[in-house]
Amino acid sequence: MTRTAERPLRRALTECVRLATAAPSLHNSQPWQFGIRGMEVDVYADPSRRLLVLDPSGRELLISVGAALLNLRLAIRQAGFRSDLHLFPEPEQGDLVARVTVGHPAVPSPAVTALAEAIERRHTNRHPFARVPVPDDVLDDLRKAAQREGAFLAVAHPPARKAILTMARSADRLLHHHPGYLPELARWTGNDHDGVPLWAAGPGRAAAVPLRDFAELTKLPRRNVKFEPDPSILILATNGDHWPDWVRAGQALQRVLLTATSHYLATMPISQPVEIPALRSRLLAPSSGLHVQMLLRIGYADPALATPRRPVADVLRLQATRHRGHS
Ligand SMILES: Cc1cc2nc3c(=O)[nH]c(=O)nc-3n(C[C@H](O)[C@H](O)[C@H](O)COP(=O)(O)O)c2cc1C
């Protein structure tokens, strides 16, 4: 590729990286970096941003990176190109999670455009949702979105929902007993470019919904607020439970969240019970053979606002030229 052709492509890919960073991440930790080289974008995990207490294995870190990866793929597709995806392309380089190679020009389909347009409209919503059921055809779309990325999505019907919500509340209590939990929460709240801003914490505590309260360490009034009594809860699971499965789970999570956003649904990830191994294994019947990766609360609500992200320059690595690189 000539230098004159390279510059607009680099600009376009930098914008795709910016859209990738709009992805959700555990405590808005944004544990990712990107490297652009010619037609390739390398996606890295940033282990310095792993939450040591909540996420000792790095599972949620890779889910977060997977969510950013899905955004990147969609943004490239929306920019008018196909792309190839290679997970862990250089096994000796464990933090290199994926390489996305820009392919042939192709007009994006309306379905791609709908998801790409949802990237900057999707925000975690910790407010009460309306007492309106989610239609079955929308739930079907969400299931298909998870399947498309190699994961499974189940709707928790009562009484499974009741049991899951009880476990989520116990998980929240158990986490509070971990000596490192609150300092870690403090590290990731109320910052300028990362962490969860206090205004995103929602209006207060809820008996019916296992909220993670990002404002509990502040003087903000935390009152008991009436949330929907029977929240719609989804369970996202994968066949395996290794690094590539976690990245797949992240891509599936993000495709589900964007599909939900395109249907004007509000969404809120719930990860407390998945963070406690003894509870995680009870969220689905062991006979399913599946590994739960995330719970989601969905419903209808006034839109939530965008939380901050680091500037794109902060997440771009300088890439060395590879010998077999593109010219
Ligand atoms: C792996 C993972 C776990 C999360 N767990 C929770 C959670 O337990 N409770 C919650 O309110 N939000 C949770 N979130 C949402 C993040 O806090 C949110 O994505 C982040 O603060 C950025 O905000 P945004 O989603 O509005 O862009 C989780 C997100 C990810 C990717």
Do we find a residue being modelled with pLDDT of 95 or more and either away from the ligand (no atom under 15 Å from the Cβ) or in a helix (DSSP H, G or I) (or both) anywhere in segment 186-194?
yes
Determine the pairs where a residue that is under 20 Å from residue 200 (Cβ atoms), located within segment 16-27, has a partner that is near the ligand (Cβ under 7 Å from one of its atoms) and open to solvent by 20 Å² or more (accessible area, probe 1.4 Å) with Cβ atoms under 8 Å apart, the partner being 6 or more residues away or on another chain.
22/306; 24/124; 24/269
Answer yes or no: is there a residue in segment 273-293 that is touching a residue at least 12 places away in the same chain (Cβ under 8 Å), crowded, with 22+ Cβ neighbours inside 10 Å, among the β-branched types (Val, Ile, Thr) and within 11 Å of the ligand (Cβ to nearest atom).
yes
For segment 49-81, enumerate the residues that are buried (at least 22 other Cβ atoms within 10 Å of the Cβ), away from the ligand (no atom under 16 Å from the Cβ) and not basic (Lys, Arg).
76
Scan segment 4-13 and give yes if some residue there is more than 24 Å from residue 308 (Cα to Cα), of a type in the set (Gly, Ala, Ser) and surrounded by 17 or more Cβ atoms within 10 Å (Cβ to Cβ), otherwise no.
no
Check off (1) in contact (Cβ under 8 Å) with a residue 24 or more places away in the chain; (2) among the hydrophobic types (A, V, I, L, M, F, W, C); (3) over 30 Å from residue 91 (Cβ atoms) for residue 237 and give me the number that stays unchecked.
(3)
Exactly one of 56, 91, 105 is more than 27 Å from residue 142 (Cβ to Cβ) and at pLDDT below 95, and that residue is 91
Among the helices (runs of 4 or more DSSP H) lying completely within segment 215-327, list those that include at least 1 residues that are closer than 24 Å to residue 168 by Cβ and of a type in the set (Ser, Thr, Tyr).
243-262
When residue 269 is run through (1) open to solvent by less than 30 Å² (accessible area, probe 1.4 Å); (2) within 13 Å of the ligand (Cβ to nearest atom); (3) not charged (D, E, K, R), the failure sits at (1)
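The values are calculated or read from the model by the stated rules, or taken from the named source; none is laboratory data. In this text the structure is predicted, and so the values were computed from the model without any measurement. In this analysis, Cβ positions are derived from the backbone assuming ideal geometry, glycine residues included, and neighbour counts consider all displayed protein chains. Please note that ligands, DNA and RNA were not included when accessible areas were found on the heavy atoms of the full protein model with its side chains. Shrake-Rupley method; radii C 1.70, N 1.55, O 1.52, S 1.80 Å.
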